[in-house]
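Note sheet for the following structure.
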Amino acid sequence: MEKQRYKSISESCRRLLIFFTVCAIFNSVLYAQNLTTAEINQLRIIPAEEQSLFTKTDIRFEVLIPKIKPSQVQILSATLPRDVNFRTMRKSEDFEDGGTKVELWYSFDKKGTYELPALPVMLQNRRRNIRFRSITLTDDPSKQSPQLVVVFSNGSKFSSSDEPKSAPIFNAKTGEKQKLTVYVQYISQLVQFSWDIPKDSIFTETQTYDITEIKYREKNYTHELIPVASFEWTGLTTGKLPMLKIRAIVTDYNGYRSELYLPEGYVDFVENNISTYNTDDIMFDDAFSAKKSSSSNSLINEITEENCIKLAELYSAERNTLFHFSQYHKNRVDYEASLGLPSTTQGDFSIGFLHIAGIVCLVILILLIFFIKKKNLILILFFSALFICSLVPLVNLSLKRKDSFAICKGISIHSVPEEKSEAVSEIGAGNRVHITEKAGKWVYIEFGETGGWGLKDNVILIK
C-alpha cells in the first residue's frame, strides 16, 4: 500500500514537471516571435539592389520582417499617389536570417522623388505600419532620343532638343574667351563630329575626349553627358553672333543612326574696354611656339624685304607654271635654304596639275558620250564611274586654288584686330603663312596649328 502511494506521488510530480516545461517552451517561443514597437519602427521597405530605377518599369521593393512566420503576416491595401501603380507582391520564409521576406512591385509614371505612404500590415493579428525609404526615378535612357549639348563655363546650356531662341543665350564682351564643352547624350557610338568656324570671331579647339567605350554604354544605359571636345570662342565684333554650327552623327542605344545639330540661337556681344583685357588669358599666349626656332634663324640671317619679295615671286612662279614644275620647285627650295628658312614641302601645287585633271576629265567625258551613242551598256557604266572619280580631284584642286598664301616681312600677331591690343607673338620674315580672312587693314594668319591677326602691310601675297 505504501509502495503504491509513493508511485502515485512520483507520477504526479512527473506530470507537473512536464507541464511546467511545456509552458516554459511556449512562453519562450511566444516571446521570441513578438516584435517590439521600436523594432517595427526601424523596419524600412527599400528598393532591391541591382535594378534600374526608371519610370514605366516594375520596381521591386523588399523588407525582412524578423521573428515572424509568413502565416502570421498579412499585407493590407494602401492608398497610393496618382502616378504610382501597384503590380504584385510575394512573401516567403527567410531560412537564412529567420523571419518573413516581403517583396512588392510598383511602377511609376513620372520621374522624380517619391515618398510612398507607409505599408499597413497585420503582424500576429495586430495592425502595424512599415515605412518606405524615399526613391528617385528617372526616365529610361534607352528610350530617349540622342542629344547634342553645349555647356558654357558661365553655366549657359544649349542643346539640340531646344527650340530656336529669339532672345540671346547670354551676353558677352568682345575679346573675352567663352569656354565651352560639347557633349552627346543617350548614344552608343559617335560616328562623325564637325563644326563650322563662326565669322567675326576666333574659335579654337582646346581638348578632345576619348569616347570609344561603346560596349560599356550599350549594356549600361545612362543619363550621363559624354564629353566630345572643348573649345574657346572669342567674339571680335559687337552685335548678335550666331550660335556655333556644330553637327554630330551618332548611333543610339537601339542601333539607329541619326544626325544632331544645334537649333538657331545667338550670343549678344557688347563693346569691351581694351585696357581691361587680361593678357594672361589671351587665347594665343603660346601661339607659334613651335616655330620659334625658324623665326630665330630668320632674324639671325636678317632677311630683308627684297628677299621676301623674291621668295613670294618664286612661290608665284611655282604656283602658276604649266611646265617645268620640278625646276621652279627646286629654285624656290634652294633659295629658302640660302636664307636659312625651312623648306615648305607642302606648298602650292602648280596650276598645271589642275589643267591635267581637267583634260583627263574631258577625255573621259568624250569617251562616255561616244559609248552612249554606241549603246554599249557595260562601257557606259564603266566610264560613268570613271568620270565621277575624275571629278573628285578636279573639284579638290579647284578649291585649293582659292586658298590665299603670303610671305611675312616680319609681323606681330594679335588676338583681336585692334592696334591697341597687346601682341601675343611674332612671325619672322620669310615664313610662308595662310591667309584665311580679311578685315580692313587686318588679315587673319594661320601658321602651324594656330593663328592670329596681323597688319596686311606686313605680308606679301603669293599671286
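The values are calculated or read from the model by the stated rules, or taken from the named source; none is laboratory data. Everything numeric in this text was worked out from a predicted model, so none of it was measured. With ideal geometry, Cβ positions are generated from the backbone for all residues, glycine too; neighbour counts draw on all protein chains shown. These accessible areas exclude ligands, DNA and RNA; they are computed on the full protein's heavy atoms, side chains included. Shrake-Rupley method; radii C 1.70, N 1.55, O 1.52, S 1.80 Å.
Of note:
- The residues packed around Ser153, meaning those with a beta-carbon under 10 Å from its beta-carbon, carry a net charge of +1 if Lys and Arg are +1 and Asp and Glu are -1.
- Which listed pairs, of Lys310/Lys438; Lys111/Lys165; Lys56/Lys157; Lys165/Lys456; Lys179/Lys441, have C-alpha distances above 32 Å, in listed order: Lys165/Lys456
- Karplus 3J(HN,Hα) series, Hz, for the stretch 241-254 with 6.51 cos²θ - 1.76 cosθ + 1.60 (x for Gly, Pro): 9, x, 4, 4, 8, 10, 10, 8, 9, 10, 10, 7, 5, 8
- Pairs of Cα atoms farther than 16 Å apart, the stretch 80-149, %: 64
- Formal net charge of residues neighbouring Asn41 (Cβ-Cβ distance under 13 Å; K, R +1; D, E -1): +2
- The Cβ shell under 11 Å around Val121 holds other residues with a net charge of +4, Lys and Arg each +1, Asp and Glu each -1.
- Computed across the stretch 234-276, the Kirkwood radius stands at 13.2 Å (inverse of mean 1/r, all Cα pairs).
- Of the solvent-accessible surface of the stretch 406-455, computed with a 1.4 Å probe and all protein chains present, 44% belongs to carbon and sulfur.
- Computed on the Cα atoms alone, the convex hull of the stretch 115-173 gives a volume of 173 cubic angstrom per residue.
- Point-to-point label distance, Tyr261-His434, nm (Cα→Cβ direction, 7 Å offset): 2.4
- Taken along the Cα-to-beta-carbon direction at a fixed 7 Å, the label points for Glu49 and Val392 span 5.5 nm.
- Cα extents of the stretch 406-463 along the three principal axes, largest first (Å): 29, 21, 19
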